1. Can you list the trypsin sites (Lys or Arg not before Pro) in region 42-74 that are in a DSSP coil and have 13 or fewer other beta carbons within 10 angstrom?
2. Could you tell me which residue out of LEU477, PHE104, ILE93 lies farthest along the dipole of the chain toward its positive end? Charges go on the beta carbon: Lys and Arg +1, Asp and Glu -1, centred on the Cα centre.
3. Can you run phi through the Karplus equation (6.51, -1.76, 1.60; θ = phi - 60°) for region 115-121 and list ³J(HN,Hα) in whole Hz, with x for Gly and Pro?
4. Return the whole-Å distance between the Cα centroid of region 361-380 and the Cα centroid of region 28-69.
5. So how far apart, in nm, are the two label points at GLU304 and SER458 if each is 7 Å from Cα heading toward Cβ?
6. Which angle between 0 and 90 degrees, to the nearest 10, do you get for helix 520-534 versus the longest principal axis of the chain when only C-alpha atoms count?
7. Using DSSP to define loop residues, name the trypsin sites (Lys or Arg not before Pro) in region 169-275 whose beta-carbon has at most 12 other beta-carbon atoms within 10 Å.
8. Give me the accessible area of HIS172, 1.4 Å probe, in Å² rounded to the nearest 10.
Amino acid sequence: MGEAVFAHDGIYAQNEGMPLMHKRPGEGLDRQAGRLTLVLENAPVIMFGLDKAGRFIFSEGNGLAAMGLRSGQTIGVSITDLYRENSAAVEAIREALAGRHTSFESFFSGAHFITRLTPLFDPAGQVHEVVGVSVDIGEQVRAEEALSERDEQLRQSQKMEAVGQLAGGIAHDFNNLLTAIIGYSDLLLENKDCSSESVRGDVEEIRRAAERAAGLTRQILAFSRRQAMQPEATSLNELLTETEPLLRRTLGEEMDLDLVLEPELGLVEVDRSQMVQVIMNLAINARDAMPGGGRLTLETADLELSGGFPGATTDPTLRPHIMLRVSDTGVGMDEQTVAHIFEPFFTTKGPGEGTGLGLSTVYGIVRQSGGDIFVESAPGMGTTFRIYFPRLDLSADDVPPVVVPPSLAAAHEVILVVEDEATVRDLVTRVLSDEGYIVIAARDGAQALALLNDPARSIDLVLTDVVLPGRLQGDVLVQRASALRPGLPVLLMSGHPRHLIKFGRGLETGVNYLQKPFNPSSLSRKVREVLDTAAGR
Ligand SMILES: Nc1ncnc2c1ncn2[C@@H]1O[C@H](COP(=O)(O)OP(=O)(O)OP(=O)(O)O)[C@@H](O)[C@H]1O
Ligand SMILES: [Mg+2]
């Protein structure tokens, strides 16, 4: 690019090297000047010249509009007056007038200008004029910010995914062990021979500890987003109203609770008991953050959001969402804390006070339900969680009432139990036989298939683990069983997270599911329920 010079006749021009401004052979000076003016007026920038006192001698360019100015409107005005409030700009202008190349930034309603100042010298080496070019980089900055925010979100979700997989795997093994511990404790407690109070007390302790451990594995599974879900069309308003008494008890006297419910709220598809868990975990955290009392506000709203959720700017399509906002007036969090709160086992609470699983559970449940969660907080400023779920295309009247039919049948059916873990198999066999069922046990899929293949054998229900040794896994066994014996009810049991994905969210209809660890009574209940449903009772 050519160097700016100050022409003798007082017209500012570029020298050789800038073709647009270069005089073409045979072209008059008028044509050339006209083209130059056109370029200046339409450039998405501001170009200006200042005399040595810092007064505008010209100002051109499209960018002026962002400052609410027209071409040439500032001529004669002192630039320092224009930038009075911007001390960095005033300093840069002073330096440019003293002969140095400088630049400064300025902001005008959404525009973010970078202005470069170039002093021009007369033959005596004195500053004769300063030329300036301002470029609006507002759009560019906003685009970069959006991009880096998305990168950060992606990084965060990949990290959570990895931790989730690890945690889910561990939870699976624990579930098998806990099923056995809880089951055998229950059997001991039911045993007439075990009448000694002190022994009973000890067994009850074992059982309670195992229940606590089961609670922890449930939370980990929830976080790893592989918990069995029973999503239903749900009104968050109703759910909040139902949970209100529990919330009040949890918060205690010193805290105010506000429910701000949007009257015409649409429905979302969530697992209700998991949603209660989400609300309670957030409320307990809020309570802990407000030791001297305060206010917890739960608010619902119906929104149209683009690209799924706020922050995602790639997809401009508007989609209906339901928002649940949970805000407290507590101590708030610094940036460091906010960056880690959804990670499992991250806690700022003392030993025995927090496990750091509350928010990771919340995160897992929300994400598994197709939602997203955002947090805003600052020290001393309280904390606000916003949760978004896609809105269901249903009105509240479309939701069928839940009817739980009473169990009428006495246990007499034949159940094929397929489980490779001996402790779990023996336990299940024992519990079901005690109920009066006839139990046939198989160690793997092949054994089970042989039994199903035998037409002489009557079987009323297959109860199978999802993970089986050998090639014939639980899901394949289910398919084979229903091909061999159409209509035969199947109940899957698993503590293993991965399979829940294969069987889909909330499991396909017709496939029943029992999450490990279970206790003898929930096993009996589920078996009865599946048999009754199959029999049309
Ligand atoms: N409403 C809130 N206000 C201030 N800090 C919060 C709030 N909610 C969460 N935190 C911070 O996030 C951390 C993690 O929360 P999380 O619920 O996952 O675990 P926890 O409450 O420490 O333990 P747990 O919930 O397992 O008993 C907390 O220790 C606390 O520092
Ligand atoms: Mg918590």
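The values are calculated or read from the model by the stated rules, or taken from the named source; none is laboratory data. Computed from a predicted model, the values in this text were never measured in an experiment. Glycine gets a Cβ as well: all are built from the backbone with ideal geometry, and neighbour counts include every protein chain shown. Surface areas here come from the heavy atoms of the whole protein model, side chains and all, with no ligands, DNA or RNA. Shrake-Rupley method; radii C 1.70, N 1.55, O 1.52, S 1.80 Å.
1. Within region 42-74, the qualifying trypsin sites (Lys or Arg not before Pro) (loop, at most 13 other Cβ atoms within 10 Å) are ARG70.
2. The one lying farthest along the dipole's positive direction is LEU477.
3. Result, ordered by residue: 10, 10, 10, 10, x, 10, 10 Hz.
4. Between the Cα centres of region 361-380 and region 28-69 lies a distance of 51 Å.
5. 6.2
6. 90
7. Taking region 169-275 and a limit of 12 other Cβ atoms within 10 Å, the loop trypsin sites (Lys or Arg not before Pro) found are LYS192.
8. 30
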